[in-house]
Amino acid sequence: MSLSANAQAAPTPSGQARHTSAEYLTFRLSAEEYGIDILRVQEIRSYEEPTRIANAPNFIKGVVNLRGVIVPVVDLRIKLGCEKVEYNGFTVVIVLNVHGRVVGAVVDSVSDVLELSTELIKPAPEMTLAVDTSFITGIASVNERMLILMDIESLMSSRDMGLMDMLSTAD
């Protein structure tokens, strides 16, 4: 499914219309729907129980071996405070490439890929200091759906994730 805005595109210096858009993979966490940059997605896999790592935060479920690569698995439902975390046939792991490293993100289900023009994306609302919205890049309303767009790189590399050393870029 592909959607684009009906708004007028900004003209380029040559006078031609220019549409600025990006594609997002949309997924569900509880009742909310989120979107992440499709360019960060490596693949989508069915959920398999990872090998637990001792003393890891509860949202880091463990690691899996993905074709010879040891991949940490983060349950975004726990990380983002969803009330209900249930593993069923719809539960999937989105395998991401974040800062050149591979990491898995557990979500309730994957919806689709949407192309969103910049005109559809509104800024994230400012919240109190108690709510961390630094990883939210915007909100898009598309056909009765409210999408929370997130910077998955920012979220996965936040200090509380415990993945800082693993995700740091080696130069």
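The values are calculated or read from the model by the stated rules, or taken from the named source; none is laboratory data. On a predicted model such as this, the values are computed, not experimentally measured, just so you know. Cβ sites come from the backbone with ideal geometry, for glycine too, and all protein chains shown count toward neighbours.
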Open item on the list: Any residue that is surrounded by fewer than 19 Cβ atoms within 10 Å (Cβ to Cβ) and under 17 Å from D151 (Cβ atoms) - is there at least one of those in region 106-116?
Closed with: no
Open item on the list: Can you list the strands (runs of 3 or more DSSP E) lying wholly within region 20-59 that have 1 or more residues being in contact with a Gly (Cβ under 6 Å, 6 or more places away or on another chain) and polar (S, T, N, Q)?
Closed with: 21-29
TODO: For residues that are over 19 Å from L80 (Cα atoms) and at pLDDT 85 or above, scanning just region 144-171, find the one that is nearest to the chain's Cα centre (by Cα).
DONE: R145
Open item on the list: Need pairs with beta-carbon distance below 8 Å; first residue free of Cβ contacts under 8 Å to residues at least 12 places away in the same chain and within region 133-150, second surrounded by fewer than 18 Cβ atoms within 10 Å (Cβ to Cβ) and of a type in the set (A, V, I, L, M, F, W, C); sequence gap 6+ or separate chains.
Closed with: T133/A124; T133/M127
TODO: Provide a single number: the residues in region 71-91 that are within 15 Å of the chain's Cα centre (by Cα) and crowded, with 20+ Cβ neighbours inside 10 Å.
DONE: 6
TODO: Answer with yes or no whether L39 is exposed (fewer than 14 other Cβ atoms within 10 Å of the Cβ), within 15 Å of the chain's Cα centre (by Cα) and among the hydrophobic types (A, V, I, L, M, F, W, C).
DONE: yes
Open item on the list: Only one of E83, E119 is touching a residue at least 24 places away in the same chain (Cβ under 8 Å), within 30 Å of T20 (Cα to Cα), of a type in the set (D, E) and not in a strand (DSSP E or B). Can you tell me which?
Closed with: E119
Task: Where a residue in region 42-61 is among the basic types (K, R) and its partner, wherever it lies, is in a loop (DSSP other than H, G, I, E, B), with Cβ under 7 Å and at least six apart - done: K61/P50
Open item on the list: Take the residues in region 44-87 that are within 17 Å of M156 (Cβ to Cβ) and small (G, A, S); name whichever of them is modelled with the lowest pLDDT.
Closed with: G81
- [ ] Inspect all residues belonging to region 73-80 and state whether any of them is farther than 22 Å from T133 by Cβ and free of Cβ contacts under 8 Å to residues at least 40 places away in the same chain.
- [x] yes
